[in-house]
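Here is the structure we will look at, set down as structure tokens.
The values are calculated or read from the model by the stated rules, or taken from the named source; none is laboratory data. What you see is a predicted model; the values in this text were computed from it and never measured. A quick note on method: Cβ atoms are made from the backbone with ideal geometry, for glycine too, and the neighbour counts reach across all protein chains shown. In case anyone asks, the SASA skips ligands and DNA or RNA and just uses the protein heavy atoms, side chains included. Shrake-Rupley method; radii C 1.70, N 1.55, O 1.52, S 1.80 Å.
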Amino acid sequence: MTFLTRREHFSASHRLYNPMFSDEKNFEIFGKCSNPNGHGHNYYVEVTVCGEVAADTGFLINLEILKKILKISFIDKVDHKNLNSDVEFLSNINPTSENIAIACWNQIESQIQKYCKLYSVKLFETEKNFVEFRGNVK
Ligand code: NI
């Protein structure tokens with residue numbers, strides 16, 4: 001099994017907030033991440049795919065194809081956006097790192113499956129924190 005990872009960057013703003021909670025409870029759980037006007041992050045996302053290397057090309061997946069899937073279906077939709085209000089696939093989702101990683105997976109998985117297997121999506125919100133999603137356990 002061979003693994004290949006593509007790293008991309010995007011900048012976006014968000015506010016962590018659950019409308020079911022009171023303002024006090026939101027602040028208690030999310031702290032300054034729940035400040036009403038939001039704040040920004042320089043995010044990195046790492047998408048890892050896996051499978052067998054093709055004998056004829058020597059590729060697991062053509063990187064141009066992987067780049068294009070990630071750019072069109074995820075990066076272009078979140079870069080320089082407000083994740084609470086500007087992104088259709090995040091509507092009514094609290095934009096935590098966990099939920100952004102899962103949403104990225106859902107945006108790209110079916111397209112990657114045509115070539116190889118999506119193994120993981122890592123979402124880095126800061127230098128110190130990242131989330132890794134490896135799909136739903138079946
Ligand atoms: Ni934040």
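Miscellaneous remarks
- Selection from segment 67-107 of residues that are open to solvent by 50 Å² or more (accessible area, probe 1.4 Å) and of a type in the set (A, V, I, L, M): 72, 93, 102
- With respect to the stated conditions, residue 67 fails to be without any contact (Cβ under 8 Å) to a residue 60 or more places away in the chain and more than 16 Å from the ligand (Cβ to nearest atom).
- Taken over segment 1-36, the criterion of being open to solvent by 80 Å² or more (accessible area, probe 1.4 Å) and within 16 Å of the ligand (Cβ to nearest atom) is satisfied by 27, 29, 32, 36.
- Test result for residue 49, within 16 Å of the ligand (Cβ to nearest atom) and surrounded by 13 or more Cβ atoms within 10 Å (Cβ to Cβ): no
- Across segment 121-138, the qualifying residues are those that are away from the ligand (no atom under 16 Å from the Cβ) and within 19 Å of residue 78 (Cα to Cα), and the one among them that is surrounded by the most Cβ atoms within 10 Å (Cβ to Cβ) is 121.
Per-residue answers, yes or no, for (1) in contact (Cβ under 8 Å) with a residue 40 or more places away in the chain; (2) more than 16 Å from residue 10 (Cβ to Cβ):
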position: 46; (1), (2): yes, no
position: 77; (1), (2): no, no
position: 99; (1), (2): no, no
position: 120; (1), (2): yes, yes
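- For first residues located in segment 22-40 and more than 23 Å from residue 78 (Cβ to Cβ), partners that are outside any loop (DSSP other than H, G, I, E, B) and open to solvent by less than 70 Å² (accessible area, probe 1.4 Å) and lie 6+ apart or on another chain with Cβ distances below 8 Å form the pairs 27/34.
- Looking across 72, 93, 108, one residue alone is in contact with a helix residue (DSSP H, G or I) (Cβ under 6 Å, 6 or more places away or on another chain), without any contact (Cβ under 8 Å) to a residue 24 or more places away in the chain and among the hydrophobic types (A, V, I, L, M, F, W, C). It is 93.
- Inclusion of residue 73 among residues that are closer than 16 Å to residue 133 by Cβ, small (Gly, Ala, Ser) and away from the ligand (no atom under 16 Å from the Cβ) is warranted.
- Scope segment 33-73; condition among the small types (Gly, Ala, Ser) and farther than 13 Å from residue 113 by Cα; matching residues: 34, 38, 40, 54, 55, 58, 73
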